[in-house]
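Asker: Handing you this structure, nothing more for now.
Just so it is clear, none of the values below were taken in a lab; they were calculated from the coordinates. Since this is a predicted model, take the numbers as computed values, not measurements. Ideal geometry is used to build each Cβ from the backbone, glycine not excepted, and the neighbour counts take in all protein chains shown.
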């Protein structure tokens, strides 16, 4: 593995008119890893990725991809990267396999098109014009086009958005194999389970900056939480009284309860004891670590943007 | 599921191979598109046959009706492919992110534009063969220097390509679709294609003569119908349009 990162973004600023999309963003992505870039809509994920792909010129800051400037050294960089856009990118009248074959012809050592199309389920719709493909087929074609040139780094912008579970699985398998083959993968997603499953490293972007980065394990932390379901509107103050001072009690959704504290058997007994006292059966009682989604919501807030 | 060897082996294809593949793809896309074929093949052919056979428009100059009409419809063929067809196709490619996506491949931008030009030239060659064949069948007797004809067609293509790409690269795809068709019809009627410019009032004629379609149809007619030498003034008009159109397209074209 190379010591220098595959992607290195320092102090990136990108404005559209008077709106600042990316506001001093720093991000380093190690070679040979899968990195998931998470963030609410409008956080600056796509702008950041597209700056790395050479589509946008930074207003300030520096971007190096495989050690190259994506704009000034585009000619050297393009053959080495694979790109999957969020949507589009194919002639409306082009047939699926025709477009994949064409993309392959632009590279020196492309993957064999047939097996790639087969494993992504594109062989059955290979003669269908792009405009008549389903959304999922269009996504899978875009993914195939991103990897057919045998790149060392691929950028996948929401690769599984709108996919059915089978297609999502096929996409995950391909990403896992790319990583095993030494390809660096950078993907954006809104699906936290996808990031937890696939990513070595997660970067959470909000308001144009990276607000957290690390392995999913690191981000989830070691704090555990206790959850249970019951009737909505239980007396949380009463429950608080039987727990240690540091414990936090919440009802994030009606009838769904969460206790955050240093968990041990005594705490569990205190909670279930209180439930017995008030005559409530704690349903789906579970002790678990925070999920990546909890971390994400804690960091980026719960209100809609 | 078959295992695929995904080990990186990055590299661009030789530029000649990319150019050939891109030109072939662009040409296939054009020939597969029904509306484009209507514009590039059906309309010029129908006009040529109809107006040669039926005395609807008063033609000008010596020879048969087809001797006046054939040069005008060759000019129309160039406009339909280099301007209208190219503008509409490129406008929608821009809208659907095709230009953007190709921008992430090793294909350089100049090669993409060269492939588009190649596609236009291949289509024009087919159009010229088809229209000339039909015209000859209708008794057309062309005169003049083939080199002058070739020069006119090439400069006409450059002028219309610049204007078409300018439109495609700056307007919304729907606006390009509507605008390019409107311009096609206006220039068909007012650019000396089937209606002689001599039929227009003296006040507007000098302006109409400066249109690229007028320069192209007039130049082709002066060579093919009248057997004149190099039509320098028409070539000059087309040259100016080429420089202005291509420079403006290069300056203002937006890829996304």
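Asker: To the nearest 500 deg cm²/dmol, what mean residue ellipticity at 222 nm is calculated for chain A from DSSP H runs of n ≥ 4 alone, each contributing -39,500 (n - 2.57), summed and divided by the residues?
Answerer: -9000 deg cm²/dmol
Asker: Let me ask another. Let me know the shape class of chain A, please: from the alpha-carbon gyration tensor, a ≥ b ≥ c as square roots of the eigenvalues, rounded when a/c is under 1.5, otherwise prolate if a/b is greater than b/c, or oblate.
Answerer: Working: a/c = 2.54, a/b = 1.84, b/c = 1.38.
Prolate shape, in that a/c is at least 1.5 and a/b is the bigger ratio.
Asker: Report, in degrees rounded to the nearest 10, the 0 to 90 angle that the Cα long axis of helix B:43-53 makes with the longest principal axis of chain B.
Answerer: Computed tilt is about 20 degrees.
Asker: Separate question: Per DSSP H run of n ≥ 4, the term is -39500 (n - 2.57); total these for chain B, divide by its residue number, and report the mean residue ellipticity at 222 nm rounded to 500 deg cm²/dmol.
Answerer: Helix contribution divided over all residues of chain B: -22000 deg cm²/dmol.
Asker: What order do you get for A:91, A:130, A:16 when you list them from fewest to most C-beta neighbours inside 10 Å?
Answerer: A:16, A:130, A:91
Asker: Right, something else. For chain A, modelled as a GNM with alpha-carbon contacts under 10 angstrom, which of A:283, A:123, A:193 fluctuates the most?
Answerer: Sorting by GNM fluctuation, first place goes to A:283.
Asker: What ranking do A:52, A:275 get, fewest neighbouring Cβ atoms within 10 angstrom at the top?
Answerer: A:275, A:52
Asker: Using a Förster radius of 25 Å, what is the FRET efficiency between residue B:233 and residue B:198 based on their Cβ-Cβ separation? Nearest 0.05, please.
Answerer: Efficiency computed from Cβ-Cβ geometry: 0.90.
Asker: Suppose a student asked you for the relative contact order of chain A, using Cα pairs under 8 Å spaced at least 6 residues apart; what percent would you report?
Answerer: Contact order relative to length: 19 percent.
Asker: Then there's this: Which of these, B:25, B:147, B:188, has the largest mean-square fluctuation under a Gaussian network model of chain B (Cα springs below 10 Å)?
Answerer: Among B:25, B:147, B:188, the largest mean-square fluctuation in the Gaussian network model of chain B belongs to B:147.
Asker: Moving to a separate point now. Given contacts defined as C-alpha pairs under 8 Å and at least six residues apart, what's the relative contact order of chain B, whole-number percent?
Answerer: 29 percent
Asker: Something else now. How much of the DSSP beta bridge set in segment A:7-217 is antiparallel, as a percent to the nearest 5?
Answerer: Roughly 55 percent of the DSSP beta bridges within segment A:7-217 come out antiparallel.
Asker: Considering chain A as a Gaussian network with a 10 Å cut-off on Cα pairs, which listed residue, A:128, A:48, A:171, attains the greatest mean-square fluctuation?
Answerer: A:128
Asker: What nm distance separates the two modelled labels at residue A:262 and residue A:288, each placed 7 Å from Cα along Cα→Cβ?
Answerer: Here the answer is 2.5 nm between the modelled labels.
Asker: With r as the distance between the Cβ atoms of residue A:298 and residue B:256 and R0 = 25 Å, compute the FRET efficiency 1/(1 + (r/R0)^6) and round to 0.05.
Answerer: In this case the efficiency is close to 0.10.
Asker: When a/c is below 1.5 the answer is rounded, else prolate if a/b is larger than b/c, else oblate, so apply that to the protein assembly as shown with a ≥ b ≥ c taken from the square roots of the Cα gyration tensor eigenvalues.
Answerer: Cα axes put the protein assembly as shown in the prolate bin.
Asker: Answer rounded, prolate or oblate for segment A:222-289, using the Cα gyration tensor with square roots of eigenvalues a ≥ b ≥ c: rounded when a/c is under 1.5, else prolate when a/b is larger than b/c, else oblate.
Answerer: rounded
Asker: How would you rank B:232, B:255, B:140, A:274, going from fewest to most other Cβ atoms within 10 Å of each one's own Cβ?
Answerer: Lowest to highest Cβ neighbour count: B:232, B:255, A:274, B:140.
Asker: Quick check: convex hull over the Cα atoms of chain B, volume per residue in Å³, rounded to an integer?
Answerer: 149 Å³
Asker: Can you give me the angle between helix A:165-180 and the longest principal axis of chain A, using Cα atoms only, in degrees from 0 to 90, rounded to the nearest 10?
Answerer: 70 degrees
Asker: Express in nm, to one decimal, how much length is gained between residue B:247 and residue B:154 on full extension, taking 0.36 nm for each residue of separation and deducting their alpha carbon distance.
Answerer: Stretched fully, the residue B:247-residue B:154 segment lengthens by 31.8 nm.
Asker: Sketch the reach of a paramagnetic label on residue B:145 as a point 7 Å from Cα along Cα-to-Cβ, and name the residues of segment B:212-226 whose backbone nitrogen lies under 12 Å away.
Answerer: Those under the cut-off are B:223.
Asker: Now for a different question. Rounding to the nearest 10 and keeping the result within 0 to 90°, find how far the Cα-based axis of helix A:265-278 lies from the longest principal axis of chain A.
Answerer: 60 degrees
Asker: Where both residues lie in the protein assembly as shown, what percent of DSSP beta bridges are antiparallel, nearest 5?
Answerer: On the way: 35 of 52 bridges.
Taking every DSSP beta bridge within the protein assembly as shown, about 65 percent pair in antiparallel fashion.
Asker: Could you grab the relative contact order for segment B:81-185? Cα pairs under 8 Å, six or more apart, rounded to a whole percent.
Answerer: 67 percent
Asker: Just to be sure I follow: if Rg is taken over the C-alpha atoms of segment A:67-164 and Rh is the Kirkwood radius over the same atoms, what is Rg/Rh?
Answerer: On the way: Rg = 13.4 Å, Rh = 13.7 Å.
Using Cα coordinates only, the ratio equals 0.97.
Asker: Let me ask something additional. On full extension of the chain, what length is gained from residue A:190 through residue A:13, given 0.36 nm per residue of separation minus the C-alpha to C-alpha distance?
Answerer: Full extension from residue A:190 to residue A:13 adds 61.4 nm.
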